Amino acid sequence: MSFRFQGIVHIQLAAPKGCEDQARHFFANILGLTEIPKPENLRARGGCWFQCGNQEIHIGVEEDFKPAKKAHPGLVVTNIMDLKNTLKLHQIEWKEEPPIEGRERIHVTDPFGNRMEFLEFING
């Protein structure tokens, strides 16, 4: 084989039609991600994109939308306690999960019911 994988550019979460304002509020205003412009030729599809570290989160409109309850992105954060406080401030519930060795983690649902995992790598 002459090809090899080098990483992930983006993940996509599905959302219902008309989701953009809620997505911007959650991903930009609450989580602090920066919205990035969608290419002109994709804008008519709806949805919006956000920068997440070196990767992107794409919120895409799905006509027959059903939230992902099991499948989920795992997003690395620093200071997960501060994230918990921010979520609490905005009345967003999270579920504590048993730590995986070397990582603390919580699960949250986005405004559309999609599961998301936030992890902080810890020393010890």
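The table below lists the values:
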read-out	value
Filter result for GLY32 (of a type outside the set (D, E, K, R) and part of a loop (DSSP other than H, G, I, E, B))	yes
Within region 74-104, considering residues that are within 15 Å of the chain's Cα centre (by Cα) and part of a strand (DSSP E or B), the one surrounded by the fewest Cβ atoms within 10 Å (Cβ to Cβ)	GLY74
Selection within region 16-31 - within 21 Å of GLU63 (Cα to Cα), loosely packed, with under 15 Cβ neighbours inside 10 Å and touching a residue at least 60 places away in the same chain (Cβ under 8 Å)	none
Test: LEU13 is surrounded by 17 or more Cβ atoms within 10 Å (Cβ to Cβ), part of a strand (DSSP E or B) and either free of Cβ contacts under 8 Å to residues at least 60 places away in the same chain or in contact with a strand residue (DSSP E or B) (Cβ under 7 Å, 6 or more places away or on another chain) (or both)	yes
Matching residues in region 98-124 - criterion: being free of Cβ contacts under 8 Å to residues at least 40 places away in the same chain, among the acidic types (Asp, Glu) and closer than 23 Å to GLN12 by Cα	none
Within region 35-73, considering residues that are in a loop (DSSP other than H, G, I, E, B) and within 10 Å of the chain's Cα centre (by Cα), the one nearest to ASN114 (Cα to Cα)	HIS72
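Here, each number is a calculation from the coordinates, and none is a lab measurement. A quick note: this is a predicted structure, and the numbers were derived from the prediction, not measured. All Cβ positions, glycine included, derive from the backbone under ideal geometry; neighbour counts span all protein chains shown.
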